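Here's the structure we're looking at; comments come further down.
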2 protein chains.
Amino acid sequence: MTRIEPPARVAFIGLGIMGAAMAANLMKAGFALDISSRSRGKAEALEAAGARWRDTGAEAAREAAIIGLCVPDTPDVEAALFGPGGVAEGAQPGAVVIDFSTISASATRDFAQRLAERGVTLLDSPVSGGPQGAIDGTLTCMVGGDATAFARAGAFFAAVGRTVTHLGPSGAGQLCKSANQLIICATLAAVSEALALGRKAGLDVEAMRTALSGGSADSFVLRNHAKRVIAGNFTPGFRAELMRKDMRLAVQAIRDHGVFGPASNMAAPLLELLVNRGGAKQDVAALGRLIAELSGLEG
Amino acid sequence: MTRIEPPARVAFIGLGIMGAAMAANLMKAGFALDISSRSRGKAEALEAAGARWRDTGAEAAREAAIIGLCVPDTPDVEAALFGPGGVAEGAQPGAVVIDFSTISASATRDFAQRLAERGVTLLDSPVSGGPQGAIDGTLTCMVGGDATAFARAGAFFAAVGRTVTHLGPSGAGQLCKSANQLIICATLAAVSEALALGRKAGLDVEAMRTALSGGSADSFVLRNHAKRVIAGNFTPGFRAELMRKDMRLAVQAIRDHGVFGPASNMAAPLLELLVNRGGAKQDVAALGRLIAELSGLEG
């Protein structure tokens, strides 16, 4: 096993807010970088810094030891890997593809098998930490797939993430991300309900939030999202429409694995409702306003 | 307004594990203490330290500026206050009763009104922090009721609690406690579901727990209860039967106030199920084993 270190050539495909920031950190770490994306506009700053633009994923992948990928959803990953000009056409046997997108775990296992037939290893590595984490190179990476490939890609992961955890076989990263999102949403629903109760009963809700934060009810959601709910600040942050997608994936994963899923099945429809009532582009904390409204409070 | 400071005479009624520890801390703080409880056996150590045993709550209350109360449930509080030999028979006008029990918020408002007719003020102050917090005098006290009485009782609260928060009118402390418990249970259900998913899919669940703790899914429950679930350690801690009682109160409070309550109504039946399946005396974290079993895993 050879660890793939800079200045090895790597590639990054999908240069949205997250992908572009990750690609920039790969260059800072000393990797030679080929890039490709649906829109070239976002690539300009990277090209100025020395990255090579390639018109297709296949071309970007052709000389790369590791190919990073970050696109919105399952069909986008499938197209980027197996569509015309996709990574599978260009990647060399022995290459490692790291998919940072948040997509279906079962589709991931299928994609991994199809790439394996060409001698290419797929790791799934959905992230948390958002745009700021991507810019700072401090993302949390939840990784599934072959452990040897994971070890080979250590320097690549180190360039983009701070907490990088190998969790198990192909799809394990996606399942951990689903677990992450379902915990956030269920906690947010509970905190929103608690705040609505406080408001309706005339409690000092900021005092309530502080008191609850001091004990066993403490959570990141209570320390952060609850402040947004109290302040009515729903500028994203993490958009509700993205969390709706993630909760659909979580419910699917819970079902696929035959898990008794009371919390995900409670929370997922609330995300549908939030998006359907106009909250798509707001921060997911707008769930707190939704539950207040459904409780007869003014937003 | 006169603040009630040591060596003023105070009383404590209900000397279970929590109440006895709180009474001991009142004596350490320098208060003169009258005590009463259903069973005298638990009072011996306090009597040895100088507390005066009284056969009824009425007698214990007779000379007390502040009367603390800590008993299991709503009917116990009603009996201690208004039953034969109850606090209401003995308490002087101007006295403050602090109820540390976790009971119904609506019953609390009723009790407060009935005491007010006798010139006695009731503060509700359910606590969190458990037996160790009671022993250490570091309880979190969630207080509802008259703000002036709350200020007068500052030294009493300081003797038993570390984080003491006045949240609003009578019942506000109970509602905050309900909020606390519903958040814990909903979070625990979500974390349990996440761990069951991880186990069924072959993930390294301890690595998963650590990865999740590093981001937005972090919570006290994930840092503590989840470790118990993974280790299969359900020695209490906080017994499931007590949490079942608290979740019944939470669901009632949510309903009484017309709050849309998806999280409490998801979690409360799980506590019923846990108790009904033999988990009453186990730590509430046994909910994690229940959800694993309901998912087809071995406990």
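The values are calculated or read from the model by the stated rules, or taken from the named source; none is laboratory data. Keep in mind it's a predicted model, so treat the numbers as computed, not measured. We place every Cβ from the backbone using ideal geometry, glycine too, and count neighbours over all the protein chains shown. Accessible surface areas use protein heavy atoms only, side chains included; no ligands, DNA or RNA. Shrake-Rupley method; radii C 1.70, N 1.55, O 1.52, S 1.80 Å.
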TODO: Considering only protein heavy atoms, with the full assembly of protein chains and a 1.4 angstrom probe, order B:Met18, A:Met22, B:Met266 by accessible area, largest first.
DONE: B:Met18, B:Met266, A:Met22
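Where both residues lie in the range A:9-169, what percent of DSSP beta bridges are antiparallel, nearest 5? Before the final figure, lay out the partial values.
Numbers: 3 of 28 bridges.
Given both bridge residues lie in the range A:9-169, the antiparallel proportion sits at roughly 10 percent.
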Task: Cross-link pairs beyond the 26 Å C-alpha cut-off, checked among A:Lys177/A:Lys281; B:Lys200/B:Lys227; B:Lys28/B:Lys245; A:Lys227/B:Lys281; B:Lys177/B:Lys227; B:Lys28/B:Lys281 - done: B:Lys28/B:Lys245; A:Lys227/B:Lys281; B:Lys28/B:Lys281
Task: Along each principal axis, Cα extent of the range B:136-200, largest first, Å - done: 55, 27, 9
Task: Angstrom value of the Kirkwood radius, inverse mean 1/r, which spans all Cα pairs in the protein assembly as shown - done: 25.9
Task: Sites A:Thr148 and B:Ala280, calculated FRET efficiency, Cβ-Cβ separation with R0 60 Å, nearest 0.05 - done: 0.80
Task: Helix-derived mean residue ellipticity, 222 nm - over chain A, DSSP H n ≥ 4, -39500 (n - 2.57), to 500 - done: -15000 deg cm²/dmol
- [ ] Would you compute the Debye intensity of the range B:9-169 from its alpha-carbon atoms alone, equal scatterers and no solvent, and pass along log10 I(q)/I(0) at q = 0.10, 0.19, 0.21 Å⁻¹ to two decimals?
- [x] -0.28, -1.17, -1.50
Open item on the list: Between B:Gly137, B:Gly41, B:Gly30, where does the largest GNM mean-square fluctuation fall for chain B, given springs only between Cα atoms within less than 10 Å?
Closed with: B:Gly41
Task: Solvent exposure, largest accessible area first (probe 1.4 Å, DNA, RNA and ligands not counted), of B:Thr210, B:Thr140, A:Thr138 - done: B:Thr210, A:Thr138, B:Thr140
Open item on the list: Looking only at chain A, where both bridge partners belong to it, what percent of the DSSP beta bridges are antiparallel (to the nearest 5)?
Closed with: 15
Open item on the list: Under 15 Å between alpha carbons, and skipping anything fewer than 8 positions from A:Lys42 in its own chain: which aspartates and glutamates qualify?
Closed with: A:Asp34, A:Asp55
- [ ] Would you mind computing, in nm to one decimal, how far apart the modelled labels at B:Ala49 and A:Thr2 are, each placed 7 Å from Cα along Cα→Cβ?
- [x] 7.1
Open item on the list: Under 10 Å, Cα contacts only: if you run a Gaussian network model on chain B, which one of B:Ile184, B:Ile98, B:Ile67 comes out with the highest mean-square fluctuation?
Closed with: B:Ile184
TODO: Just the number, please: carbon plus sulfur as a percent of the accessible area of the protein assembly as shown, 1.4 Å probe, no ligands or DNA/RNA counted.
DONE: 50
TODO: Take each complete run of DSSP H in chain B, measure how far its Cα atoms stretch along the helix's own axis, and keep only those covering 15 Å or more with mean Kyte-Doolittle hydropathy at least -1.0; list them.
DONE: B:17-28, B:105-116, B:172-200, B:240-256, B:262-274
Task: Accessible area that becomes buried as A packs against B, both chains, 1.4 Å probe, Å², nearest 100 - done: 4700
TODO: Have a look at B:Asp34, B:Asp146, B:Asp124 and tell me which one the Gaussian network model of chain B (Cα, springs below 10 Å) gives the largest fluctuation.
DONE: B:Asp146
Task: Relative contact order (percent, whole number), chain B, Cα cutoff 8 Å, 6+ residue spacing - done: 14
Task: Pseudo-label separations to other copies for B:Gly232 - Cα-to-Cβ vector, 7 Å, nm - done: 5.3
TODO: Residues in the range A:56-98, backbone N under 13 Å from the label point at A:Asp110 (7 Å along the Cα-to-beta-carbon vector): list them, ranges by number please.
DONE: A:74-79, A:82
- [ ] Please find the FRET efficiency linking B:Arg162 to A:Asp204, where r is the Cβ-Cβ separation and R0 is fixed at 30 Å, and quote it to the nearest 0.05.
- [x] 0.95
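By DSSP, what percent of the beta bridges with both residues in the protein assembly as shown are antiparallel, rounded to the nearest 5?
Just about 15 percent of them are antiparallel.
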TODO: Leaving out ligands and nucleic acids, note down the accessible area per residue over the range A:31-156 with a 1.4 angstrom probe, in whole Å².
DONE: 38
